[in-house]
Structures are given as C-alpha cells and as structure tokens.
Amino acid sequence: AAGVLVIPGPRGRLLDDGERLAARAHAGHDSAIVGGRAVSVWVSREGYGFDRRANGAWQPISEKPLRVARWADDVRPVIASSEGRDRVIFDSTGLANAPFDVQLRRGGDASVTIKFGADGTVTIGG
C-alpha cells in the first residue's frame, strides 16, 4: 500500500478564500431580495462582513453565513478606498450599486479576483 500526501499550493488555498467570500456574497444578495431591503458587503484589510439597511442606517448582520469573517494571516485584499474599507450594496431587487472587484493576494504572485457585477452577479476570476 502507498499513501500520497497532497499539499495544496498557495493559489488553491487563496481560491478557497475567494470562493467563501463569493458564496457569502450570494447569500447577502439573496437576503436583500427576500428581506426587501438593501444589504451591503464590505471588505477591509482585516476581513469582510455584511450590513442591512434598517431605520435609515447600516446595521451589522450577525446571523450565519453573513457574520463578520477574518482573512487568514497571509491573505491581503487590495483596498481602493482611502478609508480602508470598500463596499458594494445590493438593493431590494438584487442589483448592485456599481460594479466592484475584490482582489485577494497571497505571497508574491498568487491572486484571485471576486467580481461583483452591477446586475448582482458574483463571479471568481484569476
């Protein structure tokens, strides 16, 4: 008998992080439609989370799967905002307020991009 140890490369693990964000973003999108109120996805250097618009203000969502998630120690998102947090908003019809890309990086050359379309789609690219 022989055993084989397979260790995923850094890009594979980074892709897992991107897929988790995309899956949770899909859940946020669906929550906006079902709940009939806007849901935002925010991304910072430390992690990402979801807020729901209620009573004229953004309220953090604490239920699974939309609670705050932290990046692994070696994951670095590219943040465009000078405030250190980027945000995309899904309205009650599921449309996003603007196209939005989140690039995740690990190490020198591993990267993955999560693309939020204005039509509410969420896809993963290289």
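The values are calculated or read from the model by the stated rules, or taken from the named source; none is laboratory data. Bear in mind the structure is a predicted one, so any value in this text is a computation, not a measurement. Positions of Cβ are backbone-derived with ideal geometry, glycine not excepted, and every protein chain shown enters the neighbour counts. Remember, those area values only see protein heavy atoms, side chains included, never the ligands or the DNA or RNA. Shrake-Rupley method; radii C 1.70, N 1.55, O 1.52, S 1.80 Å.
For the stretch 65-74, a residue qualifies if it is of a type outside the set (Lys, Arg) and open to solvent by 20 Å² or more (accessible area, probe 1.4 Å), and the qualifying residues are Pro65, Val68, Trp71, Ala72, Asp73, Asp74. Which of the residues spanning the stretch 75-94 are open to solvent by less than 80 Å² (accessible area, probe 1.4 Å), part of a loop (DSSP other than H, G, I, E, B) and at pLDDT 90 or above? Residues satisfying the conditions are Val75, Asp91, Ser92, Gly94. Kindly check whether there is at least one residue in the stretch 40-62 that is in contact with a strand residue (DSSP E or B) (Cβ under 8 Å, 6 or more places away or on another chain), of a type in the set (Val, Ile, Thr) and free of Cβ contacts under 8 Å to residues at least 24 places away in the same chain. Within the stretch 40-62, not a single residue is in contact with a strand residue (DSSP E or B) (Cβ under 8 Å, 6 or more places away or on another chain), of a type in the set (Val, Ile, Thr) and free of Cβ contacts under 8 Å to residues at least 24 places away in the same chain. The single condition among (1) under 12 Å from the mean Cα position of the chain (by Cα); (2) among the basic types (Lys, Arg); (3) part of a loop (DSSP other than H, G, I, E, B) that Arg37 does not meet is (1).
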